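Below is one structure, written out as structure tokens, with a few remarks after it.
No lab work stands behind these numbers, since they all come straight from the coordinates. Fair warning: this is a prediction, and the values are worked out from it, not measured in the lab. Because the Cβ atoms are built from the backbone with ideal geometry, glycine has one as well, and the counts that use them run over all protein chains shown.
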Amino acid sequence: MKPVRTRFAPSPTGYLHIGGARTALFSWAYARRHGGTFVLRIEDTDVARSTPEAVQAILDGMQWLGLEHDEGPFYQMQRMDRYKEVIQQMLAAGHAYYCYTSKEELDALRAEQEAKKEKPRYDGRWRPEAGKTLPPPPSDVPPVVRFKNPKDGVVAWDDQVKGRIEFANTELDDLIIARADGTPTYNFCVCVDDWDMGITHVIRGDDHVNNTPRQINILKALGAEVPTYAHLSMILGDDGAKLSKRHGAVSVMQYDDDGFLTEAVINYLARLGWSHGDDEVFSRQQFVEWFDLDHITASAAQFNTEKLLWLNQHYMKQLSPADLAAKVKPRLAARGVDTDAGPSLEQAVALYVDRCNTLNVLADAVEVFYVPVTPHAELLAQHLGDDARPALADFATGIASVAWEAPAINALIKETVTKNGLKMPKLAMPLRVILTGQAQTPSVDAVICLIGRERVTEALAKYL
Ligand code: GLU
């Protein structure tokens, strides 16, 4: 078998969104699975919509996802000479021809076809045929170049996701492959690239299904081997509508900003339209070992934010406290919070990770340990009753000499409430509110232990 060569060929007209990232992941994984080559190609011929910022966003996104390409990035704008060369070859071989139909003539043709309720299509008036005499080329119309699409028969392929797809050639008119100014058109460039780059498997979104018959015909005319195609179904948002900007965080880098781990996003994307039995949690490496085209679903995949959050928390919990702290630290630093001035960040994140599903939520949670805490008066009034004040004072005295470890602090709390004839929450709740500004925290003894004797003593003194 030929060595596998796949490509990801984004148009740099925006950031790398989730759909593109999934396409890139599948193309990458297929190449890795088969020891093949993954090519990155930037389809930047739409100069009006392509921007260098978007190219950079794609490169950044790919890097963040860890989808390394083996060849490229190739830029279509840098391959113009090659496309023009192939167009000349197509003309010389009789696979393409000059068409001098003016814009006015095309408009008239369309109006006529629409009046007859026909699909608008080029009628082949400049197409050379045996025994047909073409009019003399007008001198005032710069010609376009059209591909001589086969007139009869079908063009078909066994799509690895959608099954057999067939188009009648009569449905395809003669595609313009070079505009009047000589610039090659989109479908033609894709063909030359896939051919030159030796692509064996084209894995892409199913918005390209209608381009495929045209591309296959052109590839055949070029004498190129037709690759295997796998068209991925679209991704729907949580609400079942087509995934769009409306659904918020659709740029891959937005997930980074929002505190998602690459591992979680990769695992999540892998399951968007592909499955391996009931496996939900698997590493990148495991995915590469398992990935195949047979288990890509033909139906649309639906985005599920809850599942992504669940996976993200799973991968956060897999990190060592030191690694987790290293990821949270810059997020707090970006807010001007200095985590060196305060308790151990490693211990803080370890204490809170079970209740946080993104790095940002975790940063929010532990921030209280590094900034002055001013509990809301209302929250304080709600939890610190007059009956609790003597217990609070006893506790403040007790911590001066207690062994500074959670079990001993816990014992001191229990002792204090018993002595004051109170129930546990009567003291635990005001402690939480005073020390963190929040009524919900992990085990209060662990929180107190983390904050440290000195700071706890200082904080309690304000309420005695
Ligand atoms: N440039 C196309 C896009 O971004 C992809 C073309 C292809 O994969 O063949 O949709």
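Under the combined filter of DSSP loop state and at most 12 neighbouring Cβ atoms within 10 Å, the range 61-120 retains these trypsin sites (Lys or Arg not before Pro): K116, K117. Under a model in which nothing but the beta-carbon of Lys, Arg (+1) and Asp, Glu (-1) is charged, the range 273-415 shows a dipole of about 320 debye around its Cα centre. Mean sequence separation of contacting Cα pairs (under 8 Å, at least six apart), scaled by the length of the chain, corresponds to a relative contact order of 12 percent. Note on R355 and R82: the model spin-label points, each 7 Å out from Cα along the C-beta direction, lie 5.7 nm apart. Considering only G277, L219, L261, the residue lying farthest towards the positive end of the dipole of the range 182-294 is L219, judged by Cα position with unit charges set on Cβ. Extension gain for the segment K151 to T51, taken as residue separation times 0.36 nm less the Cα-Cα distance, is 32.1 nm to one decimal. In order along the range 325-342, the Karplus-derived 3J(HN,Hα) couplings, from 6.51 cos²θ - 1.76 cosθ + 1.60 at θ = phi - 60°, round to 4, 5, 7, 7, 3, x, 5, 6, 4, 4, 9, x, 9, 8, 7, 7, 9, x Hz, and Gly and Pro are given as x. Can you give me the relative contact order of the range 198-319 as a percent, contacts being Cα pairs under 8 Å and 6 or more apart? This gives 29 percent for the range 198-319. Could you sort out which of K119/K151; K148/K220; K329/K462 sit more than 19 Å apart by Cα distance in this structure? Checking Cα-Cα distances, K329/K462 exceed 19 Å. Comparing T23, A92, T13 along the charge dipole axis of the chain, the residue lying farthest to the positive side is A92, per the Cβ-charge model. Extending 7 Å from the Cα toward the beta-carbon at both S139 and Q347 defines two label points whose distance is 9.2 nm.
Were the residues from Q318 through A93 laid out at 0.36 nm apart, the gain over their Cα-Cα distance would be 74.9 nm. When the charge dipole of the range 101-250 is built from unit charges on Cβ atoms (+1 for Lys and Arg, -1 for Asp and Glu) and taken about the Cα centre, the candidate among L106, N210, A168 whose Cα reaches farthest toward its positive end is L106. Computed from label points 7 Å out along Cα-Cβ, the spacing between E454 and E71 is 6.3 nm. Suppose we keep just the DSSP beta bridges with both residues in the chain; what percent of those would be antiparallel, to 5? Here the antiparallel bridges make up roughly 50 percent for the chain. The charge dipole of the chain, taken about the Cα centre with unit charges on the Cβ atoms of Lys, Arg (+1) and Asp, Glu (-1), comes to about 300 debye, rounded to the nearest 20. With R₀ set to 60 Å, the beta-carbon distance separating R389 from D278 gives a calculated FRET efficiency near 0.60. Estimated at 0.36 nm per residue, the fully extended path between A377 and S299 surpasses their Cα-Cα distance by 22.7 nm.
Among the chymotrypsin sites (Phe, Trp or Tyr not before Pro) in the range 1-96, which ones are in a DSSP loop with at most 13 other Cβ atoms within 10 Å of the Cβ? Mind listing them? In loop regions of the range 1-96 (DSSP not H, G, I, E or B), there are no sparsely surrounded chymotrypsin sites (Phe, Trp or Tyr not before Pro).
Relative to the longest principal axis of the Cα atoms of the chain, helix 103-115 runs at roughly 80 degrees. What FRET efficiency comes out for the pair M1/E289, r = Cβ-Cβ distance, R0 = 22 Å, nearest 0.05? Working from the Cβ atoms, E equals 0.75. Within the range 97-146, the GluC sites (Glu not before Pro) that combine a DSSP coil assignment with at most 11 other C-beta atoms in a 10 angstrom radius are E118, E129. Shape of the range 390-464 from the C-alpha gyration tensor: rounded (a/c under 1.5, with a ≥ b ≥ c the square roots of its eigenvalues).
Once every DSSP H run of n ≥ 4 in the chain is given -39500 (n - 2.57) and the sum is divided by its residues, what mean residue ellipticity at 222 nm do you get, rounded to the nearest 500 deg cm²/dmol?
When only DSSP H runs of four or more count, the value is -13000 deg cm²/dmol.
In summary, the lysines within cross-link reach of K327, defined as a Cα separation below 20 angstrom excluding same-chain residues under 8 places away, comprise K317.
For the chain, the longest principal axis of the C-alpha atoms and the axis of helix 424-436 are separated by about 60°.
Volume of the convex hull of the range 216-331 (Cα atoms only), normalised per residue: 162 Å³.
Dipole magnitude for the range 351-464: about 200 debye, using +1 per Lys or Arg Cβ and -1 per Asp or Glu Cβ, origin at the Cα centre.
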